[in-house]
Every structure is written in C-alpha cells, then in structure tokens.
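Undergrad: Once you've had a glance at the structure underneath, I'll fire off some questions.
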Amino acid sequence: MSSTFTGPEWARRRTYAIISHPDAGKTTLTENILLSAGAIRLAGQVAARGENRRTQSDWMKIERERGISVSASVMTYEYGGLLFNLLDTPGHEDFSEDTYRTLTAADSAIMVLDAAKGVEPRTLKLVEVCRLRDIPILTFINKLDREAMETSELLDDIQDKLALDAAPMQWPAGSGQRFKGVADLARDEFVVYRRPADGAMPERSERVPLGGDEIARHLDPTELAELREGAELAREVCPTFDPQSYREGHMTPVYFGSALRQFGVHQLLDALVEVAPGPEPQPATGGPAETLDPGGKEVAGFVFKVQANMDPNHRDRVAFMRLCSGQFKRGMKLKTDSGKQLTVSSPIMFFAQDRELADEAFAGDVIGVPNHGVLRVGDTLSESGKWRVAGIPNFAPEMLRRARLKDPLKAKHLKKALESLAEEGVTQLFRLQVGGDFVVGAVGALQIDVMAERVAAEYGLEVTFEPAPYDTARWITGADDKIEAFIDRHKTAIAEDIDGALVFMAKSAWEVNYSQEKWPDIEFHRAKERRA
Ligand code: G4P
C-alpha cells in the first residue's frame, strides 16, 4: 500500500467501529488489526483505574491478557497512508446505549460474523442502528478454521436477515480442518491458509494464480473443482461489488478468514483503505449552512459518550467528542449549543503516536474532554456555540424497571437523581402519566446495575428496581386527535420521557406490531433524537 497521501489532514481520517454478536471474534479481530497494522501503540488512557473501573471494555481484556496498552474508547493507527480511528463498541455485559451511540460517531463499520452461526440477534440490532445513518458496512466472516455454514447460506443469511446485498469478494476453500484458503475473486488469485506458529506476528499470506497449475500444490482435485465451482457461482449469481451502493449502506462486501489464526486480516485492512469513507458533511442546524463540513474553518463536534469517573469522590467526567469540522488545537475555547463555555485545556487526544499527546485534531478524530458534569451526550461544541448537530438519538430501551423508594418521603430526591443520570446518558427515564411512577430504561443490564449503584453511592437513596410490566417502549407522534384517541385507549401505558415526549410502554414486541397495524396514523419510533 502506498503511504503517500496528499490532501488535507481530515481527508486521511477513517473512523470506524467493529460490530458483532458476543463471541463472534470482535476482540480477537481488533487485536489482530492493531498487530497487522503494526500499530499497537498507545492512545490516551481514559478513566481506566484498575479495579475501580466497573465497566471493562473488551479492549481492556486485550490489555490484561496480552500486556499491551490500548485506550478504553478509541484506538488510532496508520495504515496505507491513512489514519484510522477504531472506536470501541462495548459488547458482552457492558453492552449499553453507548454501544449504539458510538455508531453515530463512526463513518463506517466492520461486521464480524461467526461462520458457524451467521447473523445473530445482536448483529441484527447493531445493523439496525447503522441503518439510521446508512453507514457503510464491510463484512468479515470469521472462524473459517472451524466447521462453517455453506458459503451461499451465509450470504443468503446476510441478504435475508439484514436486507443488505452481500457481494462476496472472496470464496473460501473448505472450512475447519479442511480450510485451505480463499479465492480472491477480483484478482483471480488463491490466498493460501497456513496455520501460524503460536505467538507469531500476522504476516501477508502467499498468493498463487487461481487458474494455473501452481494451485494444485495446495488443493487436491476435488477441493480445486469445488472452489472453482464456488467462484463461478459467486461471479454469476451473487451481486457484484458496487462502491456506491456500499457507501449508501445498501451493499456489503464480504471477506472470509480467521482472526485467531491471523488469516484474512491484511485483506480487510487493505479493503478499508480502498473503500471505507472518510468524514462526510454532518447535518446540523443553527450555523450559516445546513451541514458541518469536514474541511470547514470553525471547530465543531458532538458528544457521543460520557464516561463518569468511577471513583465516587470525584465528580469529573470525560466527554468523548467526535470532531465534525475545523482544526482543533489544545487550549481552545468552545461553547455548547446551550451556551455553556469551556476551555479545553487538557483534552485527551487519541491522535497520539507513541504515547505523545498531539496538540491538534481534525474532523473524524475523537477527543476526550474532561469536565465536571457540564457536558452531556448529544451536546454540540463549537467555537460560536451556534451549531447543533442532528441525529444523536436515544434508543428504545430493551429493559424497563420500575423504581421503588424505600422511604417515600424522598420522592423529590429520587426524581433529581434519576433525572441527572438520564441526562448523563446512563439510563433513560420515563414517568407514567397515570400514577406518576418512574420507570428507567436501558438497552443493557449493566446500565441498570451502574445506575442502581450510583443512586445509592452518590445520592444515598435506597431504591429497588423491580421488573415493570412492560417489555419495550416506542416514542409516538401523529396528529393531535389521533394521539389523543390512542392515549385514551392506552391510559396506563403512556409515559413521558425526560424531555416531555410521549412514549408508549408496550408489553411485548408483538404488542408494538399489533398497535402499529391498528393505528396506522400514529408513528412508533425506535429512536428519538435528543431534545429534537
Ligand atoms: P468477542 O469479542 O466478539 O466476544 O469475541 P472474542 O474475540 O473474545 O472471541 C470469542 C472466542 O472465539 C474466543 O475463544 C476466541 O479465541 C475465539 N475466536 C475468535 N476468532 C476465532 C477464529 O478465527 N477461530 C477460532 N477457532 N476461534 C476464534 P474463547 O475460548 O472464548 O476465549 P480465549 O480463551 O480463546 O480467549
């Protein structure tokens, strides 16, 4: 890959996230991407205070196991002349709204699938979130060194479950013990799989022409015939890769490999260099134009995640801001769209190389802004304070709990505590119109645990969070008379969120579908932009 890039700094940025169902291999792939790019070097370390840190990211797991240092939220590396910001999307037990919101800060994603399992439930949810902004998705089918589903079945699974056109860029030869490598369809070559020695650094795999005799050294006649048949099928029947359709989020190029055996990772890195988009203009209001242009002069960005210092004695927080335009410099004064001003004197920069803090950042980069609770998820920071970035949503909770106070006299305190945690983005808060009970919502169980502990530790309140009779929630909009009629029929299931927006609390996904069919004039939203 060429390492010369001429053009503005921002245009070198490629900011992306890896999405997957737990155990598909995201952590292993992340590690191998960083190793293959020769990039395991440290970005900033954020609030990672050993045992005190409650939510451990998957990357912390790499750090512990391998003794390498990676940042908690973003890892920067250079490859092929470009600068990549790989955003961490917490998975497993620390799956939360942060996972979803991180995707609002990414310009593209890699979707990792387990070759034996195909599309799994959480993959589906994450792709739905990518869809909100139609961000391009590149697919890596992992674990080919184990028995896999048929290749055509895997492609159909993507097509059927995710409604994405799956364009195979490669075709695997066997799987499990019989895995021999992949045919590179564009280059008409065979990429040979060799199991790496333990502890070896990832290397580029050997390639031989798909058509010549040399390939017979690697595959027996039956395997070769099967591979050629597969490759022909792919060319004749499967969609051909169309970069435009990928960029519009309708098509995904599909690669195969084994993260654990370090096979296919270089191809993936090269593919990112070739096709992944850089920062695009970001829709925004309040400024002199309708978008924030990555090449624009004014520094502006939005907060997509706030990480509280887990030490209850310190109320400081780190807000993660994705830059959308301008050239940020350390010490800059920025204003939020609600008029709060702050001097960003000690930003945590992930543009760092070899542990040195960089002094500037560009569109596509993420900086950590330490503050004392001033910044919230969804805030826009800019020099003028006029801009407001659109599209940092709240997501329909998948877990709802009713808050019950031990001491009913402390209802006011409870309201304040839950509101403040909701503003910080820890959990969402809904208040039932009938009875006034508070219901908190989250997309991951850990969010509820963290909130319960913080309500106790920081506000000294004894609260139990008991199961609510609802399973999910949808924001509802529509003409006044239709909404009134709907509320009238569902009095006990109507709540307001923290901004006063109307929410329908549903007993099941089935009830949501049923209501959608019965009330066609009402829109049921799975996501709501903050303070829209
Ligand atoms: P996640 O972050 O998506 O949850 O997945 P992670 O990388 O932690 O991988 C989950 C398990 O799958 C791990 O095994 C990992 O070693 C294994 N794995 C990942 N990629 C591959 C692959 O290409 N081939 C094979 N055969 N296995 C793979 P584990 O036993 O749960 O953990 P560990 O003890 O290996 O760390």
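The values are calculated or read from the model by the stated rules, or taken from the named source; none is laboratory data. If you're wondering where the values come from, they're calculated on a predicted model, not measured in any experiment. Cβ: placed from backbone, ideal geometry, glycine included. Neighbour counts: every protein chain shown.
Undergrad: Pairs under 8 Å by beta carbon, first residue surrounded by fewer than 15 Cβ atoms within 10 Å (Cβ to Cβ) in segment 484-506, partner among the β-branched types (V, I, T) and part of a loop (DSSP other than H, G, I, E, B), six or more apart or different chains?
TA: Between residues of segment 484-506 that are surrounded by fewer than 15 Cβ atoms within 10 Å (Cβ to Cβ) and residues that are among the β-branched types (V, I, T) and part of a loop (DSSP other than H, G, I, E, B), the close pairs are K491/V434; T492/V434.
Undergrad: Considering only residues of segment 503-532 that are closer than 23 Å to K416 by Cβ and not β-branched (V, I, T), which is farthest from the chain's Cα centre (by Cα)?
TA: M505
Undergrad: Kindly evaluate L144 against the criterion of being within 16 Å of the ligand (Cβ to nearest atom), at pLDDT below 95 and not polar (S, T, N, Q).
TA: Considered against the rule, which asks whether it is within 16 Å of the ligand (Cβ to nearest atom), at pLDDT below 95 and not polar (S, T, N, Q), L144 comes out as no.
Undergrad: Have a look at G181, G199 and point out the one that is at pLDDT below 95 and on the phi > 0 side of the Ramachandran plot.
TA: Going through G181, G199 in turn, the sole match is G199.
Undergrad: Ok, one more. Looking for something away from the ligand (no atom under 13 Å from the Cβ) and at pLDDT 90 or above - is there at least one such residue anywhere in segment 64-80?
TA: Yes, because at least one residue in segment 64-80 is away from the ligand (no atom under 13 Å from the Cβ) and at pLDDT 90 or above.
Undergrad: Would you say E51 is surrounded by fewer than 20 Cβ atoms within 10 Å (Cβ to Cβ), over 18 Å from V377 (Cα atoms), more than 10 Å from the ligand (Cβ to nearest atom) and modelled with pLDDT of 70 or more?
TA: Spelling it out, it is not the case that E51 is surrounded by fewer than 20 Cβ atoms within 10 Å (Cβ to Cβ), over 18 Å from V377 (Cα atoms), more than 10 Å from the ligand (Cβ to nearest atom) and modelled with pLDDT of 70 or more.
Undergrad: Considering only segment 499-511, state which residues are within 17 Å of D488 (Cα to Cα) and assigned to a helix (DSSP H, G or I).
TA: E511
Undergrad: Continuing with the same structure: Please report, ordered by residue number, the strands (runs of 3 or more DSSP E) entirely within segment 317-415 with at least 1 residues that are within 21 Å of T104 (Cα to Cα).
TA: 317-325, 332-336, 366-371, 380-382, 393-395
Undergrad: Continuing with this model, one more query. Condition first: without any contact (Cβ under 8 Å) to a residue 12 or more places away in the chain and either outside the structural domain of T427 (by TED's automatic domain parsing) or acidic (D, E) (or both). Now tell me which residues in segment 512-531 satisfy that.
TA: Listed by number, the list holds a single entry, E517.
Undergrad: Give A276, A200 a once-over and let me know the one that is among the hydrophobic types (A, V, I, L, M, F, W, C) and away from the ligand (no atom under 16 Å from the Cβ).
TA: Details: A200 fails: away from the ligand (no atom under 16 Å from the Cβ).
Going through A276, A200 in turn, the sole match is A276.
Undergrad: Counting residues that are within 17 Å of F320 (Cβ to Cβ) and outside the structural domain of F362 (by TED's automatic domain parsing), which strands (runs of 3 or more DSSP E) fully inside segment 72-125 reach at least 1? Write out each step before concluding.
TA: Details: elements: 74-79, 82-87, 108-114.
Those strands (runs of 3 or more DSSP E) span 74-79, 82-87.
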